Amino acid sequence: MQNYREAARLDALHQLKLLDTPPSAHFDRITRMAAQIFGLPVAAVSLTDRDRQWFKSRVGIDHCSIPREKAPCAEVAELRGVVVIEDFATHPCYADSLLAHNGTRFYAGAPLVTSDGYGLGALCVLGTEPRVATADELAALGDLAAMVMAQIELQHAFGRIDPISGLPTRAQFRDDLADLARDHPGQSRIAVVADLARDDQIAKIVGVVGAGRLDEMVREASRAIQGALGADRTAYHVGTTQFAFFSPPDIDVQAYVDVLEQGFAAIRATSSARFVTSVAIGLRPFRLGEVSPEDVLRGAASAAQDARRNDGAIAVYSPARDSEMRRRYDLLQDFGAALEAGDQLRLVYQPRVDLGSGRCVGAETLLRWRHPALGEVSPAEFIPIIEQTALARPVTQWVLEHALDQLAAWQPAGLNLTLSINISAANLMETDLIQRIQLALLARQLRAEQLEIELTESAMMAQPEKALAMLRELSAAGIALAIDDFGTGHSSLAYLQQVPAHVVKIDQAFVRELSGAWGADYVLVETMVGLIHKLGRRVVVEGVETEAAATLLAGMGCEEAQGYWFARPLEPGAFVEWIAARKALAA
Ligand code: C2E
Ligand code: MG
Ligand code: MG
C-alpha cells in the first residue's frame, strides 16, 4: 500500500513536468520572501523525486539537488506536514545527515500538497545557527507554500484548461489521445467535434449582446455536453465554440450517429441559445495509434465543417473531402510566400469592349498564381480562401500596385484605358484603403478616373452599412465602382440604389445560356438590363462567348461586354498586340 501510494505520488509529480525545468521568477520571489521572513540566508522550493530532492527555486544554495536520503524535505513530503529541526547537532535522525555535515543547524519546511492530496516536497528555510520557529513564522511559511502550490497548479493548467469553459483544451485532447493509444493500440474509436454556431452567428451574438453572452453560451454548452457524457468521459474545449470527445470503444458508426442526434437534440431543447445558433457535428472513426492525434482532431473538425456546409447537423469524415480541405489549407499556407516570391503571381488583362463602337474601353485586371508544386491555381479557387484571412489586405495591395505599374507603363504608348481591379469584402473594413489607392495613383501620376474598383454584390452584403459608407467615400474620391457578379447575390433594390456604382456587371451565368430572343434567359437578362438602366448605371455583361450573344446583348442596349468572344484574359504583351490588331481591323 505504501509503495502504491509513493508510486502515485511520483506519478503526480512527474505529470506536472516541473522537474529539471529552468528557474522561474514566480517561484524565486516566493523563496526570497521565505528567507526574509526568517532572516535566514538559505531557502528553497524542494521537490521530492524518486531518490533526490530537486530545487525548483533556491536562495543561498549552489547545487540543484541533494540525495533524498536523510533530507528533511522528504519527510515533509511524506508527512504532508510541517517539520522543524531546531538543532541538527542534537537531532536523533538528522545529526549525521549531509546537511548537518555541511554546517546546517536549523531547518523549517512546509509541505507542498496538490489539490488531490499528494505531497510533492517542501518550501524550506535553513540556518547555520540553532533556533526555534515562532508560530507566526510557521504560519507565514505555510501561506507561502500554498502560494507555491497555486503557482504550480496554475502553470500546469495553463493551456490545458480553458478558462471560460473549465474544460480541458486541445493540448490536453492530444496528450490524452496519445495516452489512450499507448494503453489500447488498435482499438476502434470515433472522435466527435461539435461546433455550436456559425461564424456569422457568433459575430451577431458578440455584436448585439456582447462577448459576455458568448462566454455564457459556451459555459452552458460545456456543462450540458459534459453532463451528457457522464463522469467517466471527458469533453474537451478545442475551439471558440467547438467541443470534442471520444466514443466508447468498438461502436458502430451509424448507431453512434443516432445516439449523437438524440443526445444533441436533448441538449438543444434546453439551450438558451437554440434560436440563434445551429450545431454542426463531425465524426472521425479511427483506430488508436494509427492516426496522429492532430489528424484525428482535424478530421473530425473537417467533417463538422462538411455538416455545416451541407446544412446538415451531422457528417462522417470523408478522406476525399479531407484532401480537399488539406489543399485549401496548403494554398492558404503557401499564398503568403507567393506574395513575397516575386515570380509566382502575375496579372492578366481582359478587354472590355463598347458594344456600340466596338472599341476597347478598358480592361479587367485578373490575378494569376503559378504555384511551384501545384502549377496554375485559379483565383476562383484561391481568392475565396485567402480573402477571409489577414492576407486580404496584402493581396489587394499587390494587385493595386502592379496593375497601376502596368497602366503607367502603357501610358506613353498612348494606351489610354480604364483598368478595373477586384477587391474583397474585407478590404472595405480597412480604414486606410482610400488613402492607399490615392497614394498609389499619385506615385505614378495617374488620375482617379483611370481606375475602377469591382466588388461583388455578396461582398457588399457581408456588412451592408459599413460597405455603403466606404463606397461613398471611394466615390467621393473620384474612384469609379462596379458591382460585380450582379444577379448572384441577395441585395435588395433599395440597397443597390444607394450604392454609388457607375457600372453593374451582369454575371456570366445569365449569359452563358442566352438563347435567341424570347427564351427565358433572354427575358431575364433584358429585365435586368432595363432595371440597371432605370437605376442610371452602365451595363457590362460578362462571359460573352459567342457572336450571337454579343449581338443579342447589343440589341438590348447593353453598353459593354467582356468575354472569350472578344478576348480571353491576356498577358500584358498579348494585350497590347490584341489592341493593335483590333485598331488595324477598324482602320
Ligand atoms: P470576376 O471578377 O467575375 O472575373 C471574371 C471571370 O470570368 C474571370 O475568371 C475571367 O477569366 C472569366 N471569364 C471572362 N470571360 C469569360 C467567358 O467568356 N467565359 C467564361 N467561362 N469565363 C470568362 P478568373 O480570372 O478565373 O477569376 C475568377 C474570379 O476570381 C473573378 O471573377 C474574381 O472574383 C476573382 N479574382 C480574380 N482576380 C482577382 C483579384 O485580383 N482580386 C480579387 N479580390 N479577386 C480576384
Ligand atoms: Mg470582376
Ligand atoms: Mg464577375
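The values are calculated or read from the model by the stated rules, or taken from the named source; none is laboratory data. What you are looking at is a predicted structure, and each value in this text was computed from that prediction instead of being measured. Ideal geometry is used to build each Cβ from the backbone, glycine not excepted, and the neighbour counts take in all protein chains shown. When the accessible area is computed, the model is the full protein with side chains, heavy atoms only, and any ligands, DNA or RNA have been set aside. Shrake-Rupley method; radii C 1.70, N 1.55, O 1.52, S 1.80 Å.
For the chain, the solvent-accessible area with a 1.4 angstrom probe is 48 square angstrom per residue.
Of the complete DSSP H runs in the chain, those spanning 30 angstrom or more by Cα along the long axis with a mean Kyte-Doolittle score not below 0.0 are 135-157.
Estimated from helical segments only, the mean residue ellipticity of the chain at 222 nm is -14500 deg cm²/dmol, where each DSSP H run of four or more residues counts as -39500 (n - 2.57).
Among LEU535, VAL525, THR551, whose Cα projects farthest towards the positive end of the dipole of the range 515-555, with charges put on the beta-carbon of Lys, Arg (+1) and Asp, Glu (-1)? So the residue furthest toward the plus end is LEU535. Projecting label points 7 angstrom from Cα along Cα→Cβ for ASP62 and ASP175 puts them 3.6 nm apart.
Each of TYR236, VAL206, ALA304 was placed along the dipole of the range 170-317 (beta-carbon charges, centred on the mean Cα), and the one lying farthest toward the positive end is VAL206. Can you tally the net charge around GLN438? Count Lys and Arg as +1, Asp and Glu as -1, for every other residue whose Cβ sits under 12 Å from the Cβ of GLN438. Net local charge, GLN438 excluded: +1.
In the chain, Cα pairs under 8 Å separated by at least six residues give a relative contact order of 8 percent. Whole angstrom only: what separates the Cα centroid of the range 272-325 from the Cα centroid of the range 451-466? Each part's Cα centre sits 32 Å from the other's.
Share of carbon and sulfur in the accessible area of the range 328-586 stands at 54%, probe radius 1.4 Å. With a Förster radius of 60 Å applied to the beta-carbon distance between GLN187 and ARG368, the computed FRET efficiency rounds to 0.75. With a cut-off of 18 Å on the backbone N, no residue of the range 481-501 is near the modelled label site 7 Å out from SER515 along Cα-Cβ.
Potential lengthening of the chain between ARG538 and ALA135 amounts to 136.1 nm, from the contour at 0.36 nm per residue minus the alpha-carbon distance.
Within the range 542-565, whose backbone N sits under 20 Å from a point 7 Å along Cα→Cβ of SER378? Output list for this probe position: 542-546, 562-565.
The simple Förster model, with R0 at 22 Å and r as the Cβ-Cβ distance, assigns SER318 and ARG198 a FRET efficiency of 0.60. Taking Cβ atoms as reference points and 11 Å as the exclusive limit, the residues near ARG287 contribute a net charge of -1, counting Lys and Arg as +1 and Asp and Glu as -1. Highest-first packing order for the peptide set 476-486, 436-446, 202-212 is 476-486, 436-446, 202-212, based on the mean count of other beta carbon atoms within 10 Å. Over the range 268-411, Cα pairs under 8 Å with separation of 6+ residues give a relative contact order of 15 percent. Rounded to the nearest 20, the Cβ-based charge dipole of the range 2-157 about its Cα centre (Lys and Arg +1, Asp and Glu -1) stands at 240 debye.
Here the accessible area of the range 110-209 is 57 percent carbon and sulfur, with a 1.4 angstrom probe and all protein chains present.
Subtracting the Cα-Cα distance of ASP51 and ALA341 from 0.36 nm times their residue separation leaves 98.8 nm of extension gain.
Can you tell which of ILE579, PRO22, VAL125 lies farthest toward the positive end of the dipole of the chain, using +1 and -1 charges on the Cβ of basic and acidic side chains (Lys, Arg; Asp, Glu)? Of the options given, the answer is ILE579. Expressed to the nearest 5 percent, the antiparallel share of DSSP beta bridges inside the chain is 70 percent.
The amide H of SER420, built 1.01 Å from its N in the peptide plane, has ALA363, GLU364, THR365, GLU452 as neighbours under 5 Å, considering only residues 5 or more places off or on other chains.
The ARG233 and ASP432 beta-carbon pair, evaluated with R₀ = 35 Å, returns a calculated FRET efficiency of approximately 0.10. Only Cα pairs under 8 Å and 6+ residues apart enter the sum, and on that basis the relative contact order of the range 328-586 stands at 18 percent. Its Cα centre serving as origin, the range 328-586 has a Cβ charge dipole (Lys and Arg +1, Asp and Glu -1) of approximately 560 debye.
Stretching the chain fully between ALA7 and SER357 yields a gain of 117.0 nm (0.36 nm per residue, less the alpha carbon separation). Sorting GLU340, GLU75 on solvent-accessible area from highest to lowest, probe radius 1.4 Å, gives GLU340, GLU75. Max-minus-min Cα coordinates of the chain on each principal axis give 117, 59, 44 Å, with the largest extent listed first.
Assigning unit charges at the beta carbon (Lys, Arg +1; Asp, Glu -1) and nothing else, what dipole magnitude in debye, to the nearest 20, does the chain show about its Cα centre? Here the chain has a charge dipole of around 480 debye. Electrostatic bookkeeping for THR527 treats Lys and Arg as +1 and Asp and Glu as -1; over the other residues with beta carbon under 13 Å from its beta carbon, the sum is -1.
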